[in-house]
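Undergrad: My structure is below; once you've seen it, I'll send some questions.
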Amino acid sequence: QRNEYIFTLMGEESPGVLVGLRYAPDKLHFLFWSQERAGGWQSRVTFPNVSLSDSRWHTLVLAVSGQSFSLTVDCSVPKDVVVETPFPASLSVRRASFYLGNRRRRKGLFTGLLRQLVLLPGADATPRMCHGLNFKVATLSVPSVLQDVPAKAVSNEVLKYPYETDMKVTLGARPRCSKQEKAQFWFNASQRGLYLCNGSTWLSMLEVQPRLDYVEEHQKLVTNSETMGIEVFSIPRLGLFAATANRLTPPGSAIYRWTDGKFVHYQNIPTHQAQSWKYFTIGKKIFLAVANFEQNERGQEFSVIFKWSRRKAKFLAYQRISTHSARDWEAFVIQGEAFLAVVNHREGNNHNIDSVIYRWNPRTGLFETNQTIPTSGAYDWEFFTIGPYSFLAVANTFNGTSTRIYSHIYIWLRGSFQLFQSILTFGAADWEVFHIGDRVFLAVANSHSYDSGMPAPSNFYAINSSIYELNITAQMFVKFQDLLTYSALDWEFFSVGDDSFLVVANSFDGFTFSVNSIIYRWQGYEGFVAAHQLPTVGCRDWEAFHTTEGSFLLYSSAKEPLSKVLKLKTT
């Protein structure tokens, strides 16, 4: 029922309190002497609703900086007060003394027990005091920060660390936002949102990042025939499109346009057992290249580059290029020049043939042969850059006798691609490069293990696919993680909010084409961990895309004329 002083700092001949902490019923007052005006006067900062008279030990942490004062009781949510009169930038303690539990007189004696009183210069000690999972157990222990030899100040100047005490971040449930909490922050841990109090309401300062919760079927896309590959792309002012590479020659492949939240048929294009599409632009020109696996009705084997006609609003044949069971196109730019690389899978029964890189000739407006690279039953090209360097990785699948062969990574040097690194793969069908932070990864999809000169394994198709990470010091990709896959044909990397994912196209487990494809979530130290199983049938390709309606995955089936759009549901 009275005021009691926990401590005071008083001058030898002055009755005034230079610095003090006083406990009143349900209140705590911090006192200090301000000398900004003639003669000076005592200022008081009050922390209401502080109840300590319950016959228990309590730990108080008081942080002071300028006009900001913060009190933390028993490591709970801090009470923050901002006042007009700042704590003095300098305070003379010449011929002054500390008094513990009193103010140099009987009146106001502290009647409780005081175990420790520690003054730390400059910073808010709360993070160093309140780090135990069970604070009450450690109430009477001496925190390690208090066991160190105290720092000796070089002068009487009061150190200021406004970044710690001026900007307070409150955790937990939604706190009150009033004038007293103005300019304070609240971090919503469940939704990972940071909010600022403007004196009446909490304002969002950082966008709450969504997290992947589950995946649901959004659309069944009936296709012309089985689909070997898909390409999702955007045309300026027209929106989102998807091209399907379909197996049967009549009616060929198709292009779909995203309309009212669904893909709607837009255009048919004649193809010959198409394997994949590649969308690219050169200046204002828009192109779409198809990799044809079989000959046309005249016995000619061509893959075709189509060009978008703005007048007719559709793709028209632009250039035919002689290919050999083409599997994939890759488009890229190096030092301002446009290139197009085709993967030739085989010529007749010969799988060891050249794949070709073409360079765009701006004078003729055509692609011309620039370089040939020997490949073995190749399936995929993957172009990527790291700093100023350009790379091209080829997925070699079969050399005529074995799928246990080396796939290669090439680097662009002195006007051509030169061998950079060889990696042992097993029927490699796809490379996928991706970045997480400043780390660079390269994932290979291994489809099956076969060697005519080796005993047959128990299952040709249950095989590890591997993820490699670039080691800057060694200047090479080193294995980071193996993941069990079932005749994997494609990897697709995508992100939801701050989270990173890989989805694999599992196509066949040795017994059935109805195999679950898996979404793996990046878990940092643990690498990629299986997060979702997706029922698929002969899954051949994955594409991730985003629209105003949300984030989606599109997969193609090489065993039925039905592809599916899956929506990523987030929280």
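Undergrad: Just to check your reading of the model, which residue among Ser465, Ser487 is of a type in the set (Ser, Thr, Tyr), touching a strand residue (DSSP E or B) at 6+ places or on another chain (Cβ under 9 Å), closer than 18 Å to Phe511 by Cα and crowded, with 22+ Cβ neighbours inside 10 Å?
TA: Numbers: Ser465 fails: closer than 18 Å to Phe511 by Cα.
It is Ser487.
Undergrad: Take the residues in segment 352-388 that are farther than 14 Å from Val333 by Cβ and hydroxyl-bearing (Ser, Thr, Tyr); name whichever of them is nearest to the chain's Cα centre (by Cα). Quick ask: steps written out before the conclusion?
TA: We begin by selecting, within segment 352-388, every residue farther than 14 Å from Val333 by Cβ; these are 352-356, 361, 363-366, 368-369, 371-382, 386-387.
Filter once more, so that each one left must be hydroxyl-bearing (Ser, Thr, Tyr): 355, 364, 369, 372, 375-376, 379.
On the way: Ser355: 35, Thr364: 43, Thr369: 39, Thr372: 37, Thr375: 34, Ser376: 35, Tyr379: 29 Å.
That would be Tyr379.
Undergrad: Scan segment 1-47 for residues that are assigned to a strand (DSSP E or B) and open to solvent by 50 Å² or more (accessible area, probe 1.4 Å) and jot them down. Let's see the steps before the verdict.
TA: The first filter runs over segment 1-47 and keeps only residues assigned to a strand (DSSP E or B), leaving 4-11, 17-24, 27-34, 41-47.
Listed by number, the residues that qualify are Lys27, Trp33, Trp41, Gln42, Arg44.
Undergrad: Next question, about the same structure. Consider Trp522 carefully, then state whether it is crowded, with 17+ Cβ neighbours inside 10 Å, at pLDDT 95 or above and farther than 24 Å from Ser276 by Cβ.
TA: Working: crowded, with 17+ Cβ neighbours inside 10 Å: yes; at pLDDT 95 or above: yes; farther than 24 Å from Ser276 by Cβ: yes.
In short, yes.
Undergrad: Answer yes if at least one residue in segment 290-311 is part of a strand (DSSP E or B), of a type outside the set (D, E, K, R) and touching an Asp or Glu at 6+ places or on another chain (Cβ under 6 Å), and no otherwise.
TA: Our first condition is that a residue be part of a strand (DSSP E or B); within segment 290-311, this holds for 290-292, 302-309.
Among the residues that remain, those that are also of a type outside the set (D, E, K, R) are: 290-292, 302-306, 308-309.
In the following step, the residues that additionally are touching an Asp or Glu at 6+ places or on another chain (Cβ under 6 Å) were identified as 291.
Scanning segment 290-311 turns up at least one residue that is part of a strand (DSSP E or B), of a type outside the set (D, E, K, R) and touching an Asp or Glu at 6+ places or on another chain (Cβ under 6 Å).
Undergrad: Among the residues of segment 221-270, which ones are under 19 Å from Arg310 (Cα atoms) and aromatic (Phe, Trp, Tyr)?
TA: Across segment 221-270, the qualifying residues are Phe233, Phe241, Tyr256, Trp258, Tyr266.
Undergrad: Since Phe280 meets every condition but one in (1) open to solvent by less than 10 Å² (accessible area, probe 1.4 Å); (2) part of a strand (DSSP E or B), which condition does it not meet?
TA: Of everything listed in (1) open to solvent by less than 10 Å² (accessible area, probe 1.4 Å); (2) part of a strand (DSSP E or B), Phe280 misses just condition (1).
Undergrad: Within the set of pairs 6 or more residues apart or between chains, which connect a residue that is in the same structural domain as Ser556 (by the TED database) and assigned to a strand (DSSP E or B) inside segment 231-244 to a residue that is of a type in the set (Ser, Thr, Tyr) and open to solvent by less than 30 Å² (accessible area, probe 1.4 Å) with Cβ atoms less than 6 Å apart?
TA: That search, which allows pairs on different chains as well, returns Ala242/Tyr256; Thr244/Thr223; Thr244/Thr227; Thr244/Ser253.
Undergrad: Name the residues in segment 183-219 that are touching a Leu at 6+ places or on another chain (Cβ under 9 Å), touching a residue at least 12 places away in the same chain (Cβ under 8 Å) and either within 22 Å of Val82 (Cβ to Cβ) or of a type in the set (Lys, Arg) (or both), would you?
TA: If the condition is that a residue be touching a Leu at 6+ places or on another chain (Cβ under 9 Å), touching a residue at least 12 places away in the same chain (Cβ under 8 Å) and either within 22 Å of Val82 (Cβ to Cβ) or of a type in the set (Lys, Arg) (or both), then Ala183, Gln184, Phe185, Trp186, Phe187, Arg192, Leu194, Leu196, Cys197, Trp202, Met205 are the ones that fit.
Undergrad: Exactly one of these conditions fails for Asp54: (1) open to solvent by 20 Å² or more (accessible area, probe 1.4 Å); (2) in contact (Cβ under 8 Å) with a residue 24 or more places away in the chain. Give me its number.
TA: Every listed condition holds for Asp54 apart from (2).
Undergrad: Any idea which of (1) under 22 Å from Val169 (Cα atoms); (2) part of a strand (DSSP E or B); (3) touching a Phe, Trp or Tyr at 6+ places or on another chain (Cβ under 9 Å) is the one Thr72 doesn't satisfy?
TA: For Thr72, the failing item is (3).
Undergrad: Another question about this same structure. Which residue pairs have Cβ atoms closer than 6 Å, lie 6 or more positions apart in sequence or on different chains, and pair a first residue in segment 81-103 that is under 20 Å from Leu28 (Cβ atoms) with a second residue that is open to solvent by 40 Å² or more (accessible area, probe 1.4 Å)?
TA: Val82/Gln67; Val83/Gln67; Pro86/Gln67; Phe87/Val64; Gly101/Phe110; Gly101/Leu114; Asn102/Leu109
Undergrad: Mind checking which strands (runs of 3 or more DSSP E) fall wholly inside segment 345-425 and carry at least 1 residues that are open to solvent by less than 10 Å² (accessible area, probe 1.4 Å) and under 21 Å from Tyr461 (Cα atoms)? Reasoning before the result, please.
TA: Numbers: elements: 352-361, 366-376, 380-386, 389-395, 404-413.
Here the list reads 389-395, 404-413.
Undergrad: For the structure I just gave you, tell me whether Phe480 is crowded, with 22+ Cβ neighbours inside 10 Å and modelled with pLDDT of 95 or more. Spell out how you get there, then give the answer.
TA: Numbers: crowded, with 22+ Cβ neighbours inside 10 Å: no; modelled with pLDDT of 95 or more: yes.
No: the conditions fail for Phe480.
The values are calculated or read from the model by the stated rules, or taken from the named source; none is laboratory data. This structure is a prediction, so every number in the text was calculated from the model and none was measured. Counting neighbours? That spans all protein chains shown, and the Cβs are built from the backbone with ideal geometry, glycine included. In case anyone asks, the SASA skips ligands and DNA or RNA and just uses the protein heavy atoms, side chains included. Shrake-Rupley method; radii C 1.70, N 1.55, O 1.52, S 1.80 Å.
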